[in-house]
Structures are given as C-alpha cells and as structure tokens.
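Data block below; observations after.
Coordinate-derived values only; no laboratory data. This is a predicted model, so every value here is computed, not measured. Backbone-built Cβ (ideal geometry, glycine too); neighbour counts: all protein chains shown.
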Amino acid sequence: MKRFLPLIILAILFILPLVGLSSYIMHILILVTMWSIIGMAWNLLGGYCGQVSFGHAAFFGMGAYTAGLLYYHLGLSAWWGLLVCIPVLGVFSLVIGFICLRLRGPYFALATLALGEVLRVTAENLVKFTQGDLGILIKQRTWVEKTWYFYVILLLAAGSFFLIKKVIESKLGYYFVAIREDQDAANSLGINTTLYKTIALCLSGVLTGVAGAFYMNYMGYIDPTTVFPLYDISIVTVMVVMVGGVATYWGPVIGALIMVFLAEVIRSVPKIGAAHQTLFGILLIFIIIFLPNGIVGDFRKMVGLFKPRGALK
Amino acid sequence: MAAQVELFLQTLISGFLLGGLYALIGLGMALIMGVMRIINLAHGDLMMVAMYVAYWLFTLFHIDPYLSVFVATPLLFFLGVGLQKFLINPVMKVESILPHNQVILTVGIGMVLTNLATVFFTSNYRSTPVSYASKAWYLTDYWKEAPIELSLSAPWSLSFLMAVIFTIALWFFLTKTDTGKSIRATAQDIDAAMLMGVNVGRMRVATFGIGAALVGGAGCLFIPIYYLYPTLGKQFTNIGFVITVLGGMGSTEGAIIGGLILGIFESMTATYLGMGWAPVGRFMIFVAALIFLPGGVASLLRKKRLGK
C-alpha cells in the first residue's frame, strides 16, 4: 500500500480537473503544486544535505527570467525556458557552490540571503536587458483554461518527487545525510563533501528554476519584486518545508498545501490581510519551538499533544 | 583634474563617516555571532524599531534624535534580552534535524517586526527634519587658498563621533569589567568558560541585549541623516553580516575595520557607478572576502600579532 501511495495520489490529482472545479480552485491547486516543487527542491539541499538556503528566490527568479528573456529577446515561446533554465541554473549553482560551499558554518546561508537581493537589484538596474521595474509581459498566454497548466505542473512535480526519491535512496542520498549529520566524519570516510554539497545545490537550484520558468508561463508577467523577494518567496520556501516536515518525502507537499491555503484565507480577511507576514512569522516561531521537525516529522508528537493525558499510558 | 581629486576625497570622507556607523551595526552582530555562534538576521529590524522610537520621540515630543539614544538604547537592550530569553533560548534546547533553527527563528522575528511596523506606521518614507540637517563645514572657510573644496556635514560628523564614543564604551566594557571579560571568555571557549564558573546562559542573554542596544544606538544616529521605512531592516542586516564576514566571524576589532572598509567601498560605488548598485558592490565584497580572506580581517591581525 505504502509503495503505491504516490501513484494513487498522482492518479487522483490527474482525475481531479475532470470533475469541473472552478477556475479559482484550479489556481490554488496549481500554486500548491508549484510550491511543493520549490519545497522539495529546498528540502533536498536544506533537509537532507543540511545546507540551509535563505535565497531560493534567486533560483526561482532566475528560472522565471530565463523563460521571460527568451521570449522577450528571441521571440521563442516561454515554454522553452523550462528546458533552457536547466543548464543556466546548473552553471549558476555551480559557481555559487564553488564560492560558498567550500567553507562551513553560516557562510552559505548568508551568501544565499544576499543573492536574492543582488539579483533583484541587478534585474532592476539592467533596464535594457530585463526591462527593469517594468517587468516582462507575455502578450498571449498559451491557454486560457487552467487545466493544462495544472497538468504541466503536476507532471513536473511528479517528476521532481520521483527524482528526489531516487536520489535520496541512492548512494548520493546517504552521502548527503552523512554530510548533514557530521561533516568531519563524512570527510574522514572519504566523501568529497564540497563536491556532494555542490551536487545537492545544483539539483535544488535547477528544480527551483524549472518552477520559476513555469511561473513565468503561467502568470504571464514578472517583475523583479515579484520573483526575487526575500519574505514572499525565500522565507516562504523555508516555511513550506519547516511546516510540512524537514527531510521527509511528503513534508514539502503538506507544507505547500497548508501555506497556500493559509495565505489565501488570511488574505481574504479584510483587516488581517495586511498583517499576513506577522501571522506567518508567528507560525514559523511556533513551529520551530514546538514542532521542529514539521507536521510530517513530528506527527506522533502532535497526535500525543491532542490526546487526553490518560491515553498516553 | 582638481575636480576629480575633489570628488575622490569627498567620497572618501563621506565613506569614512558612513563606515563608522556601519562599524557600530557590525559590532553588535559580531558580538552575538561570537558568543552564540548564530547570525542574528533580525539585526536590521531591531535597528528599524529603534529608528521608529527616535522618530516618534521627535515627532510627538520634539526630542532631538541624538538625545533619544538614551531612550532607545536601553529599550532595545530589554527587547533583545526578552527575545533571547523567551524565544531563542528555548529553541537552543529543542532537538531537531536542522542546525540552523535559531537563525531561521531570527528571520521569523524580523518578519514579524517588519510587518507590524508596516501595519501600524504604514510604509511611508519618514525622516526627522532636524534644524542642523544641512549644516556643514567647508574647507575654504578655514583655508582661503585651498586648491580644492571639501565639506564636512555636521550631522554626519556628529553621528560618527557618537559612534566612536559607543565603540570606546564597548571596548571599555569588554576589557575592563567582569561581565565583559566573561562575555569574551564565553566567545573564546564556551566549555572552558563554564568550568571557570561563568554563567554562560546569562552571558548569552546579556550579549543579545548589548548587541540589540548597539544597533539601536546606530539607528538613532542614522535617523537624522537617513530616512525611515519598515523594510529598511533587511538592507542593514545585509550590511551587518557582510561586515561580520569581512571582519572575521565574531571578531570585534575586525568588525570595526570591516565597517570602515565597507563604508568607503559603498561610497565609491555610489559615486562612480550609481546609488542603485550599492547592494551588488556589497555582495562583491562579501564574495571577495569568502574567496581571498575566509578568516576575515581578524586573521590578518592575528597573523601580525603572532609574527612579533
């Protein structure tokens, strides 16, 4: 049963649009699926390999801009961005990894934190190349209906899920976890820690970039502040994984589901809408203190909290 | 040619003054980094809080921003102590997979502070229009035949001077008092400090408080010469950690030198490339420090000392 769970869920999700859901619900489903890809990508690097990134917006935005610029400068369909962003993000991640992953400690977290900001400023200032704050607009989106977008992102998400599962269950995954648990021990066992950390970063960056390229196609419009923000993308990515469960297969999916729904609910309440980051921040603090391994990781503990005292014995 | 030299020297002066203020921001962060081994990513947001305190004191009670240092600094000290005691300390005890939980926690704190400021004070740009804002001293006033014209802005110089006083006070505290020595001992070797009878838990709380107070002071010194908006903290957090890395993780002398270097460098980018590129320049310094000087300025200082 457990082996087939991903396939069953995938099948259910495939049938879902046929029921005739409203366009708003489809939009939410698409966002949830997109965020689970970003979450899974972050989880590979942060959860399994232990390298916390505060700048996944950099990879996301880079993917989005790759797709957007292909369309804007070369007149190609922005869907080519999904393919082109793989080498672009791969090289970009290699460079970042080469610089920051040789050192341990918080250097990497700090570098990624600055990275999103730097890319935003660069995109704002290179007006000739990126249109600056005007952003890039796709004049005609491929489909009006949301169903096909959903299928595309669902396929991408399923692909990422199985890819990450394969990686984690392979030798590579064990290397990652070894590096997270004790880098010195891993090093002394002959694992080239820098190399494997860089591999994790490349995989993570490419997957996030693909999600970004999809975002360009789906939304049809990007500008530097929507794709490179610190709180609304980088930190939400961290939250998706923290809420769902660090270093679990399903954590990012559950986390994305909760975060997207929560964001929609909070934004629809008129007075509280402006304070959604406060509530997110409080949720983040709460999760770190009480459920440090997330809902999936601390499921037993959570169930125990809600049970009456006597039932524990 | 004279104009070129003039521009260069003027940029150098303003960079140096800016660097003194940056050093104050970096000092607080380096102190926290040294004792707790975490980067405080809410640092700039704490500064934003102090700036709002100074702003409201000025707007409502017409208290000069330089005087509100004496209100904002203790206030921020207690805010820092509270954050450390009730949020960060509990997380240190929690078992989790990720080692960076405390850092993520500080991000959460910063997010809450920024958003609350936006909700309560709106995201309008604000400033304190002090009467001496545009006062300046000119070189030609003192030296009639000077070949070039240089100026020294009064509020900038005053802020710089106050920053120097803060730094000296901190140095005195860290080297001459018992608490200061305990904090340094904790930063050097936490286990040894504990064995020598240092109350490490209390030192952590005190350090976070002092770090917050320092950045609070920096906020008050910044407000007469800068403007204020809720998301400004992010930028100063970036500045703080670039200084911390440049200076060498947790080194206070390094933070001062790092702050001055960054201030001058940023002034240069602003003059010769344009204001908007300052964050990119900052990142370049960060990357350069990572590649060429991973131990920061502190490692150079140490090498020199050992060579003697």
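Multiply the residue gap between A:F261 and A:T194 by 0.36 nm, knock off their C-alpha separation, and tell me the result in nm, one decimal place. Write down the numbers at each step before the final one.
Working: separation 67, 0.36 × 67 = 24.12 nm, distance 3.76 nm.
Gain on extension, A:F261 to A:T194, equals 20.4 nm.
Can you put A:V238, A:V296 in order of Cβ neighbours within 10 angstrom, beginning with the fewest?
Details: A:V238 25, A:V296 21.
Final ranking by Cβ density, sparse to dense: A:V296, A:V238.
Return the FRET efficiency for the residue pair B:L300, B:A3: r is the Cβ-Cβ distance, R0 is 30 Å, and the value is rounded to the nearest 0.05.
Numbers: r = 35 Å, r/R0 = 1.17.
Efficiency for this residue pair is about 0.30.
Report the charge-dipole magnitude of segment B:54-156 in Debye, nearest 20, computed about the Cα centre from +1 at each Lys and Arg Cβ and -1 at each Asp and Glu Cβ. Provide the component values of the computation, followed by the final result.
Numbers: 5 positive and 5 negative charges, 68 e Å.
I would put it at about 320 debye.
Which order results if B:V164, A:V303 are arranged by neighbouring Cβ count within 10 Å, fewest first? Walk me through the numbers before you get to the answer.
Details: B:V164 14, A:V303 10.
The order, fewest Cβ neighbours first, is A:V303, B:V164.
Go through segment A:69-81 residue by residue and turn each phi into a ³J(HN,Hα) via Karplus (6.51, -1.76, 1.60, θ = phi - 60°); whole Hz please, and just put x for glycine and proline.
Whole-Hz 3J(HN,Hα) from phi for segment A:69-81: 6, 4, 5, 6, 8, 9, x, 6, 5, 5, 5, 4, x.
Mean 1/r over all different Cα pairs, inverted: what Kirkwood radius does chain A give, in Å?
Working: mean 1/r = 0.0496 Å⁻¹.
This gives a value of 20.2 Å.
I'd like the FRET efficiency for A:K166 and B:L195, computed as 1/(1 + (r/R0)^6) with the beta carbon distance as r and R0 of 56 Å, rounded to 0.05.
Details: r = 49 Å, r/R0 = 0.87.
Computed FRET efficiency for A:K166 and B:L195: 0.70.
Across segment A:27-229, how many lysine pairs, 8 or more apart or on two chains, come within less than 26 Å at their alpha-carbon atoms? Kindly include the intermediate steps, with their values, before the conclusion.
Numbers: A:K128/A:K139; A:K165/A:K197; A:K166/A:K197; A:K171/A:K197.
Counting lysine pairs in segment A:27-229 gives 4.
Rank the residues B:Y272, A:Y72 as a footprinting-exposure proxy: fewest other Cβ atoms within 10 Å of their Cβ go first.
Working: B:Y272 12, A:Y72 17.
Lowest to highest Cβ neighbour count: B:Y272, A:Y72.
Place a point 7 Å from Cα of B:V119 in the direction of its Cβ. Which residues in segment B:59-78 have their backbone N less than 12 Å from it?
Counting only backbone N, you get no residues.
About its Cα centre, what dipole magnitude does the protein assembly as shown give when the only charges are +1 on Lys and Arg Cβ and -1 on Asp and Glu Cβ, stated in debye to the nearest 20?
Values: 39 positive and 24 negative charges, 320 e Å.
Around 1540 debye, computed over the protein assembly as shown.
Stretch A:A274-A:L155 to full length: gain in nm at 0.36 nm per residue minus the Cα-Cα span? Walk me through the numbers before you get to the answer.
Values: separation 119, 0.36 × 119 = 42.84 nm, distance 3.40 nm.
39.4 nm is the gain from fully extending A:A274 to A:L155.
Using only the alpha carbons, work out the radius of gyration and Dmax of segment A:1-157 in angstrom.
According to the Cα coordinates of segment A:1-157, Rg and Dmax are 18.1, 55 Å.
Evaluate the Kirkwood expression for the hydrodynamic radius of the protein assembly as shown, namely the inverse of the mean inverse distance over all pairs of different C-alpha atoms, and round to one decimal in Å. Display every interim value, and only then the final one.
Values: mean 1/r = 0.0388 Å⁻¹.
So the Kirkwood estimate lands at 25.8 Å.
Report the FRET efficiency, 1/(1 + (r/R0)^6), for A:L5 and A:F129, where r is their Cβ-Cβ distance and R0 is 60 Å, rounded to 0.05. Intermediate results must be reported in sequence, preceding the final value.
Numbers: r = 46 Å, r/R0 = 0.76.
Plugging the Cβ-Cβ distance into 1/(1 + (r/R0)^6) gives 0.85.
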